[in-house]
Amino acid sequence: MNDRRARSSVFTAFVLGIAAALAAVPALAQQMPAASPASLGFSPERLQRIETAVAQSIADKQIAGAVTMVVRHGKVAWLKPQGFLDREAGKPMPADALFRICSMTKPITSVAVMMLYEEGRFQLEDPISKFIPEFKNPKVLVKPATGAPYSIPATREITIRDLLRHTSGLTYPWNLDLGKMYEDAHVASGLLQYDGTIADSVKALAAQPLLFNPGDKFEYSLGVDVLGRLVEVVSGMPLDQFFRTRIFEPLGMRDTSFYPPEDKLGRFAVAYSYFEGKGLTRFPDQPIVEGAFSYSADYPYRGPKKLFSGGAGLVSTAEDYARFCQMFLDNGMANGKQLLSRKSIELMTHDQLGTIGTFGFGLGFGIDGAKGPLEELGSVGSYAWGGFFYTGFVIDPKEQMIVIFMAQLHPTGNVEIDKVVTTLAYQALLE
């Protein structure tokens, strides 16, 4: 009898455990809460101008399709898929379409770095060579007026802060001075198939000369890929695993990954190119080559799939990325868990360039109004960034607002519908 009761008790606990686990799944999988635009302080009629503008861009064959999203006070005021996921196949754009977010990966890597920083694993002024020894004793490229280029010792080492704010002296393969060296050394850009890991690429990158002495200038660079490797070294996890367990799962970002599984590829937006005089064309099957720089559109689903590029590699949806943005407005809190401290967010969204740059840049994104007047509608202190294949976001703490734009286009020619969408979100604010 006692044995039967014991077994019954165990079975009951097991059932309750399964029920609890199943109950937790919808909590993460459910959509972000929505509310009427009017209740969130928008004019519904004015917000509708986003749909009109995007529809016109599609009709003008500037883009094939897009997903636009506006969130305020943690609730969705606007989420609109328009046009085509695949124009040639006539496949409409779904709200949960997957996009190559490219450099919108950078803020996520920055958050991962700051999480480890908060655990006391390093200081931002630590040299990166402390964790990746190949960066010890860096050298700087010198190009004399006559004669062959050579290199000289740098005035100091690259710090973790340099990598976060792009003052490391590293660059990208499109740079005319170092691009060919990067290509010859088999350094990954994150935008092309790569038969190697981020460790392989970073090691090759460390052997190349710097463009300038660390701390002297701002140069958008592969430094965030180095940070991705730093996360791996310090945490002991592959970057994709750290992202998944420490960021994506707590936030409910169920569709964000480096390489989408086969069963999700039906939602993957086709990439297009826009050239002046040629208009909109489907991205070619072969990589586009621009000097020493090559890039493809099929790298997330065709190839070795071994590279976890901290600077460019992720695929995501508008809603997934909005969840990531909302975490900043919620002072690092998500689903009852503190992912990042309020003070870290303050530091990340504070201009880190000072007199080095003419614009504001924090630890992962640009900051509006930090060095001068606003150029368009917005708020001083809002922060934003975009991706190579024409995606972008804005986080506005003053208005408690997020604007997301997702399309797939490169080169973009003179297309500026992404900027128009942000302007139209702001002009719809009433209170």
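The values are calculated or read from the model by the stated rules, or taken from the named source; none is laboratory data. Everything numeric in this text was worked out from a predicted model, so none of it was measured. In this analysis, Cβ positions are derived from the backbone assuming ideal geometry, glycine residues included, and neighbour counts consider all displayed protein chains. The area values use the complete protein model at the heavy-atom level, side chains included, leaving out ligands, DNA and RNA. Shrake-Rupley method; radii C 1.70, N 1.55, O 1.52, S 1.80 Å.
Below are the figures for this structure:
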quantity	calculated
In segment 394-431, residue most open to solvent (accessible area, probe 1.4 Å) [restricted to those that are within 24 Å of residue 296 (Cβ to Cβ) and not aliphatic (A, V, I, L, M)]	414
Subset tally (residues that are under 17 Å from residue 295 (Cβ atoms), open to solvent by 70 Å² or more (accessible area, probe 1.4 Å) and not in a loop (DSSP other than H, G, I, E, B)) for segment 174-188	2
Conditions (1) at negative phi; (2) at pLDDT below 95: number failed by residue 147	(1)
Meets criteria (under 16 Å from the mean Cα position of the chain (by Cα) and in a loop (DSSP other than H, G, I, E, B)) for residue 303	no
Filter pass, residue 124 being touching a residue at least 12 places away in the same chain (Cβ under 8 Å), in contact with a Lys or Arg (Cβ under 6 Å, 6 or more places away or on another chain) and surrounded by fewer than 19 Cβ atoms within 10 Å (Cβ to Cβ)	yes
Count of segment 33-42 residues which are out of contact with any Pro (no Cβ under 7 Å at 6 or more places or on another chain) and either at pLDDT below 95 or not aliphatic (A, V, I, L, M) (or both)	5
The listed residue being farther than 16 Å from residue 404 by Cβ, crowded, with 19+ Cβ neighbours inside 10 Å and not acidic (Asp, Glu), out of 98, 85	85
Complete set of residues in segment 351-382 that are touching a Pro at 6+ places or on another chain (Cβ under 9 Å), without any contact (Cβ under 8 Å) to a residue 40 or more places away in the chain and under 30 Å from residue 272 (Cα atoms)	382
Residue 141 being more than 26 Å from residue 231 (Cα to Cα) and open to solvent by less than 30 Å² (accessible area, probe 1.4 Å)	yes
